[in-house]
Amino acid sequence: MEAKDYTQDGSVDLQGRPVLASRTGKWKACAFLVGYEAFERMAFYGIASNLVNYLTTQLHEDTVSSVTNVNNWSGSVWITPILGAYIADSYVGRFWTFTISSLIYVLGMVLLTMAVSLKSLKPTCANSICNNKASASQIIYFYAALYIIAIGAGGTKPNISTFGADQFDDFNPHEKKLKASFFNWWMFSSFLGALFATMGLVYIQENLGWGLGYGIPTVGLILSLFIFYMGTQNYRHKARMNKNPARDLFRVLITAFVNRKLLRLPTDPSQLHELEPQHYMINGKRRVHHTPSFRFLDKAAIKEGSTSTRSSCTVTQVEETKLVFGMTLIWLVTLIPSTIWAQVNTLFVKQGTTLERNLGPNFQIPAASLGSFVTLSMLFSVPMYDRYFVPIMRRKTGNPRGITLLQRLGIGFVIQVAVTLIAYAVELKRMQVIKEHNIIMAKDIVPMSIFWLLPQYILLGIADVFNCIGLLEFFYDQSPQDMQSLGTTFFTSGIGVGNFLNSFLVTMVDKITGRGEKKSWIGNNLNDSHLDYYYSFLFVISILNLGAFLWVSKKYTYKTEEIEGINGNASCVQMEGRALADTTPLGLQV
C-alpha cells in the first residue's frame, strides 16, 4: 500500500495504526456523530428552557432564586468542559473521554427522569400544581441529578465537536474545503435538537407530564450512543504529540520570568531558539511562526545569555502561549454577549408567562416554547449564511470564509446589542399596558400578545449564527495544535461564565434596587417590577462591551503556521483569510 493512500495529518485508528484516507473520516464518519449532538441538545434544552418554570411551579422557588439556580446549573454545564478537555488533551484522548462522560450524562438523565416521575421523589401534586413544598431529600436528589448531567457534559461538549473536526485532513485540499462548512452544519444538527425541545418537549412537560418530557430525550440519547459506536471503524483519531500540552504554557511563563533581566530581545526573530523544520516534519507537528504580540514572552526563547539553550523554549512553544493569551482577551469580551443570551431561558420566559398566550379556546402556548423561534431563525439562517453569504463575500474579499472570524463575531455582537434595545422597548410597552389596565397581582395576565417578544428571539437566533458558530470555529482554529479540545472550552466556558454573571447581576440588582421600601427591578411580581430598567442596564453594558471587542480584535494577531506533512509533501504558511506562501501544489488556505 503506497503512503499516499494514508491520511497526511498523522491520523490513526483506535489501535494507533495509520488509517486509509478513502475509507475513514469526512462526512461518512461525521454522520454517526450528528445524531448524538441532536439528541444531546434536545436533552439539554428540554431541561434548561423550562427549568425555571419547574422550579417555580413544582418546587415553589421564588423568581430570583429560580433564575439564579437555572443560571448556576447552566453555567456548570458550560464550565465543566474545561476539565473534560484537559483530560482528553493530556491523558486519554477525545474518544475515550467522550465515551466515559456520555455514560455519566445518560445516568444523570435517568435519575432526573425518576426525580420528576416517582411519587416518592417529587412533591405531592394535583393537576400539575404542587401545593406542598419538596422535602430536603427530594430537593437534594433533584439537584444531584442535574449536576451529574453537568459533570457528564464536561467530557462530551468539548470533545464531540472537535472529534468531528478531526475527521477532516488539513493536508488534503478537498477535505479542508469540507471542513470549512463542518461547524455550520454541526450546529445545524444541534439546532434541530433544540427546536424539538423548545417546541415539543416543553409542551409535553406542562401538559402530559414532566416524566415523559424528560424520558423522551433520555431514550433518544441512549439510542444515539448506539449509533455513535456503530461508526467506530470509520473514525480517525489524532495522535497526541504532547502528553501534557498545558505544561508547555507554564514552562514558557516561568522561563520568560527567569530571563526577564537579560539583555534586550534580538531584533531578528531568527536569533531566537527554534528547532529545525525536519523535527516538526518527523513528529507531524506544526511550526508556529513568530509574531510581534506579547513580546515579553519572547524572552523565554532567548539563546544567548540564558542558562543553556536546552532550557530555552522554542519559538513555537512561545507562540502557542501567545495564542492562549490572545484567545483569553477575546474570551473576556464574549462574557457579556453570553449574559444576554442567558435571558432566553430565564427572564424572557418569566416575562412571557405574564402575557396572553392563548391560541384558540383550548390551546395555550408554553412561554418557554418561544425559544423555538431562536432555533428556527438559526435553522433558516445557517443555510443562507453558508450557501449565499459566504460565496458572495468570498468573491469580494478573497477570504475562503467570506469574512474573517473576528468580523463574524463582531456582526453577531452588534445584533445582540439590538436585541437588548428591542427587549427594553417591548418591556416599556408591557408596562404601559399594565398601567392602562391597572394590573397589580402577579398572576394577572397582561392583555398583550406573547408574540410581542418574537423579534428579540428571532434576532438572537440570527446573532448566534454569527457569534455562537463563529466562536466555536474561532477557538478551535486558533488553538495550539495539541490543545484543540481545551481551546474549544474557551467557547463553552464563556457561555458558562456568562450564566454565572447573569446570576450574579440578577441577585445584586434585586438586592440593591429592592432595599427598604423601594420597588425591586426584578421581583416575584413582574407586573409590579421594573424589568425595563434591567434591560436598559444590559443595553448599556453591551454597548461598552462592543467597544472593548473592537479594540481587542484590532490588536489580535491570527495564528500563522508552517505545516510539514507526514510524508514531507505539503508545506505552507497559514493565516486567517489568505495563504502567505504556497510552495507546493498542496498549498492550503484557512
**Report entry** Gain upon complete extension [SER120, LYS519; 0.36 nm per residue less C-alpha separation]
**Finding:** 139.7 nm
Query - the chain, dipole about Cα centre (Lys/Arg Cβ +1, Asp/Glu Cβ -1), debye to the nearest 20 - result: 500 debye
Query raised in the report: What longest range of the chain stays clear of loop-exposed GluC sites (Glu not before Pro) (DSSP non-H/G/I/E/B, at most 13 other C-beta within 10 angstrom)?
Result: 3-303
Query - Accessible area per residue in Å² at 1.4 Å probe, computed on the stretch 152-236 - result: 32 Å²
Query raised in the report: Rounded to the nearest 500, what is the chain's calculated 222 nm mean residue ellipticity when only DSSP H runs of at least 4 contribute -39500 (n - 2.57) each, over all residues?
Result: -19500 deg cm²/dmol
Report task. Once you've got the Cα coordinates, tell me which of LYS28/LYS322; LYS322/LYS396; LYS122/LYS350; LYS133/LYS518 are over 26 Å apart. Result -> LYS28/LYS322; LYS322/LYS396; LYS133/LYS518
Query - Probe 1.4 Å - accessible area at LYS157, Å² to nearest ten - result: 20 Å²
**Report entry** Relative contact order (%) - criterion: Cα under 8 Å, at least six apart; region: the chain
**Finding:** 21 percent
Query raised in the report: Given 0.36 nm per residue, what is the gain on full extension from ARG260 to ARG17 after removing their alpha carbon distance, in nm?
Result: 83.1 nm
Query raised in the report: Could you give the angle, 0 to 90 degrees to the nearest 10, between helix 136-165's Cα long axis and the longest principal axis of the Cα atoms of the chain?
Result: 30 degrees
Query raised in the report: For HIS290, what accessible area in Å² do you get when you roll a 1.4 Å probe over the heavy atoms of the protein chains, rounding to the nearest 10?
Result: 60 Å²
Query - Within-12-Å neighbourhood charge of THR68 [Cβ basis; K, R +1; D, E -1] - result: -2
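Stretch VAL219-GLU356 to full length: gain in nm at 0.36 nm per residue minus the Cα-Cα span?
Gain on stretching VAL219 to GLU356: 45.9 nm.
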Query - trypsin sites (Lys or Arg not before Pro) within the stretch 1-67, DSSP loop, no more than 16 other Cβ atoms inside 10 Å - result: ARG23
Report task. With only Lys, Arg, Asp and Glu charged, each at its Cβ (+1 for the first two, -1 for the last two), find how big the charge dipole of the stretch 1-131 is about the Cα centre; round to the nearest 20 debye. Result -> 300 debye
Query raised in the report: How do HIS530, HIS437, HIS60 stack up against each other in accessible area, from largest to smallest, with a 1.4 angstrom probe?
Result: HIS437, HIS60, HIS530
Query - Accessible area, probe 1.4 Å, largest first, for residues MET431, MET199, MET114, MET187 - result: MET199, MET114, MET431, MET187
Query raised in the report: Label-point separation (nm) for MET508 and PHE363, each offset 7 Å from Cα along Cα-to-Cβ?
Result: 4.4 nm
Query raised in the report: Expressed as a rounded percentage, what relative contact order does the stretch 58-168 have, with Cα pairs under 8 Å and six or more residues apart?
Result: 45 percent
**Report entry** Crossing angle, helix 405-436 versus the chain [Cα axis fit, 0-90 degrees, rounded to tens]
**Finding:** 10 degrees
**Report entry** ASP9 accessible area, assembled protein chains, probe 1.4 Å, Å²
**Finding:** 20 Å²
Report summary line: In degrees rounded to 10, the 0-90 angle between helix 210-230 Cα long axis and the longest Cα principal axis of the chain is 20 degrees
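Got a sec? What order do ILE450, ILE139 fall in by accessible area at 1.4 Å, biggest, i.e. largest, first?
ILE139, ILE450
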**Report entry** Percent accessible area from carbon and sulfur atoms, the chain, protein chains only, probe 1.4 Å
**Finding:** 64 percent
Query raised in the report: Looking at the stretch 325-411, which trypsin sites (Lys or Arg not before Pro) are DSSP coil and have at most 14 other C-beta atoms within 10 Å of their C-beta?
Result: none
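The values are calculated or read from the model by the stated rules, or taken from the named source; none is laboratory data. As the structure is a prediction and not an experimental result, all values here were calculated from the model. Here the Cβ is made from the backbone with ideal geometry for all residues, glycine too, and neighbour counts use every protein chain on show. In case anyone asks, the SASA skips ligands and DNA or RNA and just uses the protein heavy atoms, side chains included. Shrake-Rupley method; radii C 1.70, N 1.55, O 1.52, S 1.80 Å.
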